[in-house]
């Protein structure tokens, strides 16, 4: 079986979409999550499930998942399944809030829809928490 699996929304999970900013385009930006070993790791926008799958299969995305760490361990070992699913409402809210903050600080412009929000604290190999960083190719 391919290690890149795509899971549809599980029953009972809210697919609520709501406006968290004054950006009218934000409503039309579906947010997806890459989860590893059941742990939601990163949230990102994609135009649909096929686009989300392409993002997660991108070599630069995978390289970053292997080179970035949380708690001193790589986010991904290169072997475990990476599940792609629609973001839960709290995960989507974190992505939208993080993106809105980046826009307000001038880090990105409002047309930039390649923003990625990590849902786990990033650290170096020794476990020291590091600052936020943007993934390669984003």
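Residues of segment 61-80 that are surrounded by fewer than 12 Cβ atoms within 10 Å (Cβ to Cβ) and in contact with a helix residue (DSSP H, G or I) (Cβ under 8 Å, 6 or more places away or on another chain): 77, 78. Listed by first and then second residue, the pairs with beta-carbon distance under 7 Å, at least 6 apart or on different chains, first residue in segment 77-89 and without any contact (Cβ under 8 Å) to a residue 60 or more places away in the chain, second buried (at least 19 other Cβ atoms within 10 Å of the Cβ), are 87/31; 87/32; 87/33; 87/43; 87/95.
Report the residue count in segment 60-86 for those that are in a helix (DSSP H, G or I) and either more than 15 Å from the chain's Cα centre (by Cα) or at positive phi (or both).
Of all residues in segment 60-86, those in a helix (DSSP H, G or I) come to 60-67.
In the following step, the residues that additionally are either more than 15 Å from the chain's Cα centre (by Cα) or at positive phi (or both) were identified as 67.
Final tally of qualifying residues: 1.
Here, each number is a calculation from the coordinates, and none is a lab measurement. Nothing here was measured: the structure is a model prediction, and the numbers come from that model. Don't worry about glycine lacking a Cβ; one is built from the backbone with ideal geometry, like all the others, and counts go over all protein chains shown.
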